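Visitor: Below you will find the structure I want to go over with you.
The values are calculated or read from the model by the stated rules, or taken from the named source; none is laboratory data. Just so you know, these numbers come straight off a predicted model, no measurement behind them. Methodologically, a virtual Cβ is constructed for each residue, glycine included, from the backbone with ideal geometry; neighbour enumeration extends over all protein chains shown. Just so you know, the surface numbers come from the protein's heavy atoms only, side chains and all, with ligands and any DNA or RNA stripped out. Shrake-Rupley method; radii C 1.70, N 1.55, O 1.52, S 1.80 Å.
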Amino acid sequence: MFDVVIVGGGMVGASLALKFSQSGLKVALLEKTNPPQLSPQLSAVAPVDLRVSAVNRRSEQWLSELGAFQAIPPQRLCPYQRLQAFEATDGKVTGAELTFTAEEIKQPHLGHIIENNQIQAALWQQFPAELSVFCPATIVSLQQESNYASLQTQEFGEIRGRLLIAADGGTSQLRTLAGIGSNGWQYQQGCLVATVETEYAQQDITWQQFTEQGPRAFLPLPGAMGSLVWYDSQQRVKQLAALNRDELAQQIQQHFPEKLGKVKVLQQGWFPLTRMHANRYSAGRVVLVGDAAHTINPLAGQGVNLGFADAKVLAELVLAAMAAGEDPANSVLLAKYQQQRKNANLLMMSAMDGFYQLFNSTSPLFRFARKAGLTLAANAGPLKAWVGAYAAGLK
Ligand SMILES: Cc1cc2nc3c(=O)[nH]c(=O)nc-3n(C[C@H](O)[C@H](O)[C@H](O)COP(=O)(O)OP(=O)(O)OC[C@H]3O[C@@H](n4cnc5c(N)ncnc54)[C@H](O)[C@@H]3O)c2cc1C
């Protein structure tokens, strides 16, 4: 019997598997898809992953403690020192530009933009031999008993654990099997993501332009590259994603601000925008982390950062319980975990929704509030520094 069984070896699940295994627990990890490989150089076989994350300082620290941050090839890391938001119409900035800098909060940088597959691969590369990996695994059923829970799998038969962790993403099968409901909605908008080559050398700024059709963002990537995120109606986003690369580049030049410069599109795709929050974070011996517990509007790039924060809190509680000879799935521990994480996640999700409403409205009142808000924040000294530290995950 395993101490802990983790379902889902994405960024969040893999980090927990590694943490528990490094701490001497008997751990099983079940993943349905073969993991990506680390590759030091970008090449035709290892192109940039379309999915990238703005990993904040707190998440960096978590990955460093696990020895995974250091394993990501430096050529695939892009630190950013500045974070900027502004309103624009027809490519021209129309109000205050709000810029947070690492210098203002006395930090070397605010975070790194990293490809999701490189973070996941770096975590998998650190897995010790004692960690039992079942991959590819297909779960058939869950059974909960008084002192263990078991998963029936197609390929590996029954796997038993004292604590089962659902880290299997927004449509979590384990969450459903455990009977945990969720609430949320699909936003009317979708977002186009494009990896581009830029005319400028590597940049240290990530910016977000707010327009009445939705935000448009630039995230710098290593070398002369960037990741663009374009929010619009799902219909428009699907149309954009279906364009050929030259046509899409033309649309980007027309609708992104001039500061982007000339771009060449390397790849593109689109994502629906979903908000989902589990009604509770545990049931019996099953506990949820990361996107299995909450899927957030990617507006401020907080999804995986919240997931890593869940993982860290859960790891601390479980390791303390095990050290005291207690059941790692005891109800007091699981209630404590939910109490610490659910409100924090809800706060961030609601803040993102507030921003989303504010910046997607054409009402004159909202327009005034946005302008006033950006101007005020741009001149707000200590408050601004606090928000910068919060964005970096240091508050
Ligand atoms: C367009 C977009 C941009 C984003 N940008 C950012 C950003 O800048 N910063 C940020 O922090 N976040 C960002 N996010 C969110 C971020 O990608 C997610 O929060 C993050 O991937 C969640 O990680 P996870 O490990 O919880 O889940 P996932 O990444 O979904 O991983 C789940 C894993 O479980 C496996 N799995 C699924 N089902 C099963 C099963 N039944 N059995 C076994 N294994 C299973 C999957 O194969 C996968 O490996 C963005 C999201 C989107 C859509």
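Visitor: Scanning the stretch 157-172 for residues that are closer than 16 Å to Ala17 by Cβ and surrounded by fewer than 22 Cβ atoms within 10 Å (Cβ to Cβ), which turns out farthest from the ligand (Cβ to nearest atom)?
Guide: In this case the residue turns out to be Arg162.
Visitor: I'm told Val48 meets every condition in (1) over 21 Å from Gln203 (Cα atoms); (2) assigned to a loop (DSSP other than H, G, I, E, B); (3) of a type in the set (Val, Ile, Thr) except one. Can you identify the failing condition by its number?
Guide: The one condition Val48 does not meet is (1).
Visitor: Being loosely packed, with under 15 Cβ neighbours inside 10 Å and away from the ligand (no atom under 16 Å from the Cβ) narrows it down to one of Gln213, Gln188, Gln154, Gln235, so name that one.
Guide: Among Gln213, Gln188, Gln154, Gln235, only Gln235 is loosely packed, with under 15 Cβ neighbours inside 10 Å and away from the ligand (no atom under 16 Å from the Cβ).
Visitor: In the stretch 82-117, which residues are assigned to a loop (DSSP other than H, G, I, E, B), crowded, with 18+ Cβ neighbours inside 10 Å and more than 16 Å from the ligand (Cβ to nearest atom)?
Guide: Ala102
Visitor: Consider Gln120 against the criteria (1) over 14 Å from Val7 (Cα atoms); (2) surrounded by fewer than 19 Cβ atoms within 10 Å (Cβ to Cβ); (3) polar (S, T, N, Q): it satisfies all of them except one. Which criterion is unmet?
Guide: Of everything listed in (1) over 14 Å from Val7 (Cα atoms); (2) surrounded by fewer than 19 Cβ atoms within 10 Å (Cβ to Cβ); (3) polar (S, T, N, Q), Gln120 misses just condition (2).
Visitor: Report, ordered by the first and then the second residue, all pairs with beta carbons closer than 6 Å, sequence separation of six or more or different chains, a first member in the stretch 1-19 that is acidic (Asp, Glu) and outside any helix (DSSP H, G or I), and a second member that is more than 9 Å from the ligand (Cβ to nearest atom) and modelled with pLDDT of 95 or more.
Guide: Within 6 Å, the pairs are Asp3/Leu25; Asp3/Lys26; Asp3/Arg162.
Visitor: Among the residues of the stretch 23-37, which ones are surrounded by fewer than 18 Cβ atoms within 10 Å (Cβ to Cβ), in contact (Cβ under 8 Å) with a residue 24 or more places away in the chain and either under 27 Å from Phe218 (Cβ atoms) or away from the ligand (no atom under 12 Å from the Cβ) (or both)?
Guide: Ser23, Lys26, Pro36, Gln37, listed by residue number.
Visitor: Quick check, is Leu131 among the hydrophobic types (A, V, I, L, M, F, W, C) and either under 17 Å from Thr295 (Cβ atoms) or over 18 Å from the mean Cα position of the chain (by Cα) (or both)?
Guide: yes
Visitor: Taking the stretch 285-299 only, how many residues are more than 8 Å from the ligand (Cβ to nearest atom), open to solvent by 10 Å² or more (accessible area, probe 1.4 Å) and closer than 26 Å to Trp207 by Cβ?
Guide: Going through the stretch 285-299 one residue at a time, the tally reaches 1.
Visitor: Provide a single number: the residues in the stretch 178-216 that are of a type in the set (A, V, I, L, M, F, W, C) and touching a Phe, Trp or Tyr at 6+ places or on another chain (Cβ under 7 Å).
Guide: Total meeting the criteria: 6.
Visitor: For residues that are crowded, with 17+ Cβ neighbours inside 10 Å and not aliphatic (A, V, I, L, M), scanning just the stretch 128-151, find the one that is nearest to the ligand (Cβ to nearest atom).
Guide: Looking at residues that are crowded, with 17+ Cβ neighbours inside 10 Å and not aliphatic (A, V, I, L, M), I get Phe134.
Residues are listed down the side, and each one gets a yes or a no for (1) under 28 Å from Gly179 (Cα atoms); (2) of a type in the set (Ser, Thr, Tyr); (3) at pLDDT 95 or above:
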position	(1), (2), (3)
Ala85	no, no, no
Ala88	no, no, no
Pro128	no, no, yes
Ala137	yes, no, yes
Ser141	yes, yes, yes
